[in-house]
Amino acid sequence: MAFLLSSSAGDRRFLLTTDAIHTVGRELTCEIPILDQIVSRRHAELRTSASGLHVVDLGSRNGTWLNGRRITSGVAVMGDTLAFGSIAFTLSDETDPPRHIVSTPATLDNDSSVQHERPVPSREQAVADIAGHRLGRLVTIAQQLGGLDSVDALLSAIVDSLFATFDADRIAVLLVGPTGALETRVTRDQRGDEVTRAVPRAIANGVAHRQVALLTHDARMDSRTMGASVVQQAVRSAMAAPMLGEGRVTLGLLYVDNVRDAHAFTDDDLGFLVAFAGIATAAVEREVAAERLRDAARVRENFERYFTPQLAERISATAGAVAPGGERRRVVVLFSDIRGFTAIAESLSAMQMAAQLNEYFGAMVDCVFRHNGALDKFIGDALLAYWGAPEANVDDADRAIAAARDMQRELVALNARWLAQGRPTLNIGIGIHCGDAFVGNIGSPRRLEYTLIGDTVNLADRLCSLAQPGDIVISSAVRDSLTVAHAVRARPELIPVRHAGAPELVWSLEPLP
């Protein structure tokens with residue numbers, strides 16, 4: 001009786017002589033060479049006899065399996081399935097065997113530039129195509145990736161898992177950047193060191209654009225992969241699989257290469273890489289979405305310090321809301337300042353001064369927000385607010401006047417409470433002007449501040465400095481912008497205020513009754 005081992009793909013056939021011992025392994029000196037990293041260098045021994053094929057595992061890393069059950073030894077008969085790691089074979093009868101072993105593994109083809117391409121199935125199908133030990137490894141990897149909470153940690157774990165699976169010299173993860181070009185996010189060698197040489201673009205771009213998985217046994221000779229970078233880096237075996245997101249959009253790719261061995265990877269390895277890429281893509285998509293939500297929450301929280309919650313929500317949802325830059329807009333600017341606060345502060349402890357200022361500013365900011373204004377900043381004991389950006393309304397000047405009136409009323413209530421508590425009372429002056437100003441995010445990428453700059457802001461500050469305690473001083477530009485009549489009186493004694501080189505007539509609101 002003669003025995004024939006045939007792979008499930010039909011691309012490997014081994015004829016076994018009777019009453020002989022045959023070693024299975026990854027080493028080319030083995031009688032049955034299986035050039036796959038899942039197979040140990042000396043994996044198992046096979047001995048034929050009249051009763052069947054006797055199998056002994058040689059302490060392999062990924063095990064020897066008989067009909068789906070891991071064994072240390074056993075006897076296989078015709079029709080049984082025998083697997084070394086996840087490389088499965090069926091045992092059958094060969095009626096006229098030769099007197100020696102004949103092996104025809106595809107990876108020993110005389111053409112060392114053999115290239116395999118395969119279409120990339122859905123994530124579910126890619127995983128379903130993996131069997132045995134490797135399916136269990138994919139499950140373990142999916143569990144590990146699911147426990148990570150940052151994209152950088154996720155990509156690092158992906159590289160670590162690939163090194164644990166393949167005999168690779170370099171592994172890289174590339175993601176599509178904001179411009180649509182592939183960007184190398186992680187590239188490491190076996191020692192864990194960062195690799196400076198770039199992933200060959202001939203391979204990366206082809207896999208990403210054509211959305212196919214690639215295996216080459218000599219990238220320098222393949223017409224679809226050879227290029228200057230491939231030749232310079234002496235790339236031999238290489239694999240790459242695209243990371244396809246929802247709607248089969250290319251998000252990036254996984255790349256594995258070996259510069260030592262022209263037959264380092266097999267088509268089964270490529271299948272595993274495709275399935276791995278599907279799992280990695282799902283994890284990356286999940287974490288990228290989570291990071292976007294966290295970033296949006298941080299942006300919204302930052303803007304809520306300056307705008308009403310409703311306006312902050314709209315701004316944070318705007319594309320590029322936190323990018324440097326801005327625009328010129330017509331705004332209404334309000335400055336308020338506590339009169340004589342330096343003397344008051346000297347009579348208080350640091351804790352008392354901070355407590356009273358916090359209480360005061362809290363009430364004033366509520367007045368601004370109540371009338372849909374925006375807080376720019378606190379400057380010592382002064383407050384700067386504005387209307388007209390990032391959204392403008394025809395009655396912005398009226399809103400600013402209403403907020404100023406509210407601030408005066410709130411201060412009356414605060415002073416009454418502070419007086420009853422034996423704490424010092426405060427008086428404020430308010431100045432309001434409208435005109436063009438530069439409005440936008442100013443600063444560095446590390447710290448941006450949404451603010452406004454220009455002569456309009458400076459003039460509002462000047463009007464505030466001219467206001468007496470209890471005064472609301474406005475410019476003619478504000479008066480002319482009002483849509484509701486307000487009782488105002490001219491303040492010719494304040495003529496020295498100049499705007500655009502000409503005297504500016506200013507006005508003050510009649511005091512509260």
**Prompt:** Fully extended, how many nm does the chain gain between A181 and E359 (0.36 nm per residue separation, minus their Cα-Cα distance)?
**Reply:** 58.9 nm
**Request:** Please sort 370-377, 427-434 by packing, taking for each peptide the average over its residues of neighbouring beta carbons within 10 angstrom, highest first.
**Result:** 427-434, 370-377
**Asked** Label points 7 Å out from Cα along the Cβ direction at R248 and R292: separation in nm?
**Response** 2.2 nm
**Asked** Once phi is turned into θ = phi - 60°, what whole-Hz ³J(HN,Hα) does the Karplus curve with 6.51, -1.76 and 1.60 give for every residue of segment 388-400, x standing for Gly and Pro?
**Response** x, 8, x, 10, 10, 9, 5, 9, 4, 4, 4, 5, 5
**Request:** Given the peptides 156-168, 344-356, arrange them by the average over their residues of other C-beta atoms within 10 Å, most packed first.
**Result:** 156-168, 344-356
**Request:** Work through the residues other than P469 whose Cβ is under 11 Å from its Cβ and net out their charges, Lys, Arg +1 and Asp, Glu -1.
**Result:** -1
**Request:** Work out how much length R339 to D436 would gain on full extension: take 0.36 nm times their residue separation and subtract the Cα-Cα distance, in nm to one decimal.
**Result:** 32.1 nm
**Item:** Cα centroid of segment 164-191 to Cα centroid of segment 373-435, whole Å
**Value:** 55 Å
**Item:** Computed over segment 380-447, Kirkwood Rh from alpha-carbon pairs, angstrom
**Value:** 14.9 Å
**Prompt:** Out of segment 16-88, which trypsin sites (Lys or Arg not before Pro) are coil in DSSP terms and have no more than 16 other C-beta atoms within 10 Å?
**Reply:** R41, R42, R61
**Item:** segment 338-462, accessible area per residue, ligands and nucleic acids excluded (1.4 Å, Å²)
**Value:** 44 Å²
**Extension gain (nm, one decimal) between I453 and V412, 0.36 nm per residue minus Cα-Cα** = 11.6 nm
**Asked** To one decimal place, what orientation-averaged projected area in nm² is obtained for the convex hull of the Cα set of segment 319-471?
**Response** 9.8 nm²
**Request:** Quickly work out the S349-to-Q421 label distance, labels modelled 7 Å from Cα along the C-beta direction, and quote it in nm with one decimal.
**Result:** 1.4 nm
**Prompt:** Put a dot 7 Å past each Cα toward the Cβ at R13 and R191; how far apart are the dots in nm?
**Reply:** 4.7 nm
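The values are calculated or read from the model by the stated rules, or taken from the named source; none is laboratory data. Being a predicted model, the structure only gives us computed values, none of them experimental. Please note: Cβ atoms are built from the backbone with ideal geometry, for glycine as well, and neighbour counts cover all protein chains shown. The accessibility values were calculated without ligands, DNA or RNA, using every heavy atom of the protein model including side chains. Shrake-Rupley method; radii C 1.70, N 1.55, O 1.52, S 1.80 Å.
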